[in-house]
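The values are calculated or read from the model by the stated rules, or taken from the named source; none is laboratory data. The structure presented is a predicted model; accordingly, all values stated were derived computationally and were not measured. Glycine gets a Cβ as well: all are built from the backbone with ideal geometry, and neighbour counts include every protein chain shown.
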Amino acid sequence: MSEHLNFLNSFIQRIGRGQPDKKSASPEDIIDQCHQLVSKNSEATSFSLATIILEDFSTLKENQKKEFFLRLLDQFSVDRSKLKQAISTLNISDEKQLRTLHNLTEPKSQELLRRLNQVPNGTAVLLKMRESLLVSMKESPELKSLDIDFVDLFKSWFNRGFLRLERIDWSTSAQILEKIMEYEAVHHISDWNDLQNRVAAADRRLYAFFHPALPNEPLIFIEVALMDDSPNSIMPILDTSIKPINPLSSSTAVFYSISNCQMGLKNVSFGSFLIKQVVAEIEQEFKQINEFVTLSPVPGFKNWAQKALVADSKKVPDNIFEDIQECVGKSNPDEFILIRLTYYYLTQVKRKNGNAANPVAHFHLGNGASLYKIHANANNNQAALDDSWGVMVNYLYDSEMVAKNHEDYANMEQVAVFPKLKKAIQSNKKKTLAY
């Protein structure tokens, strides 16, 4: 314990002076320290080394960080020679050998990350480290396998059992409220009055997930409007001059913005858990609410249409190609044609793995929602007009259908569509969209 405290005091003094007590470490120096860290069994020594490694890493420039990651990939991957030897002599009935084989399949980088995480605030520093790794991957895609180690551990460290749901309101600390403003990724929060409308109005709710290792850092948050029907436009929701309704008279909860806050947690998904728990919270507070929908953007829609127009027209049905021709190049296409084209894009355009090509659609459909309504002219923000002609979509979360919808999407690549929407598109009549 005394060794631990002496080192910690020395380290704090060194940071307080603003200067390290040794020359700046190189990527190679830090890799040497990492080798020492994974070989040490002393808790105090490991703590000391882990602290130094994280501090030294933070002083590296971006090109040096990439060099560090490449060395880490090379020297802390699976020991293939030992693994090959273990496989060649494996007795499938020998439990000890099986456990040894299991341990040999784990890259040494995972044990390194676990030991680095023992330092106070280590989790936050490792998230920043992964942010740097994601930058380095753009030039060195072979680092993807190292990134998998980070993601695997983060999925364990940030599993649902550790997450804490909090309602954010006007009494929440200014530090967290400022971060909500900073991290809002769908509909920009222009000022404190705008924020107050989203968290303090009677018909609004905002919920966020937190983790014990990052008590003042939201991981993801969702904004909710309580309304008397599913909305066809985002403008009234964002308009701070509109008087709030009595939430006790509302029948519909609208999820109109979901923002992931930590780039270091990319591909570590919390959204499904968040929506399910928020639904439970709202049902408990407002028992009369019987409809849960989103009002979601369709990012990349216009870009897809523009590419489809110049590509081989045989890649889409003739009638869809005609719809694309009617829309591309126009600032205000015919509403029904635009809705029909959006329907095709969200239900038929897929990635190679069968998932919906649109990331927002994939998120909600994968959670068990159904495509409910499609709205033209739903967002007059210029960025939205440039990206998707201002089209927005309601996805419906029906508690009785969520499990089936999820299974159909995951196992059969089947997109759940609300029957009235499907009928409206098939009838080819605009008036049938009014439901």
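Residues that are modelled with pLDDT of 95 or more, within 22 Å of E283 (Cα to Cα) and not acidic (D, E): list the helices (runs of 4 or more DSSP H) wholly contained in the range 147-259 that include at least 1 such residues. Break it down stepwise before answering.
Details: elements: 174-183, 192-200, 235-238.
In the range 147-259, the matching helices (runs of 4 or more DSSP H) lie at 192-200, 235-238.
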Among residues belonging to the range 158-171 that are of a type in the set (F, W, Y) and in contact with a helix residue (DSSP H, G or I) (Cβ under 7 Å, 6 or more places away or on another chain), point out the one that is farthest from A124 (Cα to Cα).
-> W170
So S249, is it surrounded by fewer than 17 Cβ atoms within 10 Å (Cβ to Cβ) and either assigned by TED's automatic domain parsing to the domain that holds A185 or touching a strand residue (DSSP E or B) at 6+ places or on another chain (Cβ under 8 Å) (or both) | yes
Out of curiosity, is K66 in the same structural domain as E131 (by TED's automatic domain parsing) and within 30 Å of the chain's Cα centre (by Cα)?
-> yes
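On the basis of being out of contact with any helix residue (DSSP H, G or I) (no Cβ under 9 Å at 6 or more places or on another chain), under 26 Å from M235 (Cβ atoms) and not assigned by TED's automatic domain parsing to the domain that holds P231, does A376 make the cut? Reasoning before the result, please.
Details: out of contact with any helix residue (DSSP H, G or I) (no Cβ under 9 Å at 6 or more places or on another chain): no; under 26 Å from M235 (Cβ atoms): yes; not assigned by TED's automatic domain parsing to the domain that holds P231: yes.
No, not satisfied.
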Number of the condition not met by K315 [criteria: (1) within 25 Å of N232 (Cβ to Cβ); (2) assigned by TED's automatic domain parsing to the domain that holds A369; (3) out of contact with any Phe, Trp or Tyr (no Cβ under 6 Å at 6 or more places or on another chain)] = (1)
Looking only at the range 350-370, decide whether some residue is at pLDDT 95 or above, in contact with an Asp or Glu (Cβ under 8 Å, 6 or more places away or on another chain) and basic (K, R).
-> yes
Within the bounds of the range 322-341, is there any residue that is farther than 18 Å from T294 by Cα, assigned by TED's automatic domain parsing to the domain that holds N303 and in contact with a strand residue (DSSP E or B) (Cβ under 7 Å, 6 or more places away or on another chain)?
-> no
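With E55, E28, E67 as the choices, which residue is at pLDDT 95 or above, over 22 Å from D152 (Cα atoms), out of contact with any Asp or Glu (no Cβ under 7 Å at 6 or more places or on another chain) and loosely packed, with under 13 Cβ neighbours inside 10 Å? Working first, answer last.
Working: E55 fails: loosely packed, with under 13 Cβ neighbours inside 10 Å; E67 fails: loosely packed, with under 13 Cβ neighbours inside 10 Å.
Checking each option against the conditions leaves just E28.
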Counted residues, the range 308-333 - those being of a type in the set (D, E) and either touching a residue at least 40 places away in the same chain (Cβ under 8 Å) or surrounded by fewer than 15 Cβ atoms within 10 Å (Cβ to Cβ) (or both) | 3
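Taking the range 397-435 as the search range and keeping residues that are assigned to a helix (DSSP H, G or I) and among the small types (G, A, S), which one is nearest to N358 (Cα to Cα)?
Initial filter on the range 397-435 (assigned to a helix (DSSP H, G or I)): 402-412, 419-427, 430-433.
Filter again for among the small types (G, A, S), leaving 403, 410, 424, 427.
Details: A403: 21, A410: 15, A424: 22, S427: 25 Å.
That would be A410.
Only one residue in V293, V279 is among the β-branched types (V, I, T), outside any helix (DSSP H, G or I), touching a residue at least 40 places away in the same chain (Cβ under 8 Å) and crowded, with 17+ Cβ neighbours inside 10 Å. Which one? I'd like the intermediate steps shown before the answer.
On the way: V279 fails: outside any helix (DSSP H, G or I).
Checking each option against the conditions leaves just V293.
Can you name every residue in the range 334-380 that is free of Cβ contacts under 8 Å to residues at least 40 places away in the same chain and in a loop (DSSP other than H, G, I, E, B)?
The initial filter retains those residues of the range 334-380 that are free of Cβ contacts under 8 Å to residues at least 40 places away in the same chain, namely 334, 337, 341, 344, 348, 351-353, 362.
Residues satisfying the conditions are D334, R351, K352, N353.
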Quick one: which residue in L113, L165 is crowded, with 19+ Cβ neighbours inside 10 Å and aliphatic (A, V, I, L, M)?
-> L113
Only one residue in S399, S370 is surrounded by 15 or more Cβ atoms within 10 Å (Cβ to Cβ) and not assigned by TED's automatic domain parsing to the domain that holds L274. Which one?
-> S370
Could you tell me which of the residues I337, I289 is at pLDDT 95 or above and touching an Asp or Glu at 6+ places or on another chain (Cβ under 6 Å)?
-> I337
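Pick from S136, S81: which is in contact with a Lys or Arg (Cβ under 9 Å, 6 or more places away or on another chain), of a type in the set (S, T, Y) and not in a loop (DSSP other than H, G, I, E, B)?
Details: S81 fails: in contact with a Lys or Arg (Cβ under 9 Å, 6 or more places away or on another chain).
Answer to the selection: S136.
Mind telling me which of the residues N267, N216 ends up being touching a helix residue (DSSP H, G or I) at 6+ places or on another chain (Cβ under 9 Å) and on the phi > 0 side of the Ramachandran plot? Write out each step before concluding.
Details: N216 fails: on the phi > 0 side of the Ramachandran plot.
After ruling out the rest, the residue left standing is N267.
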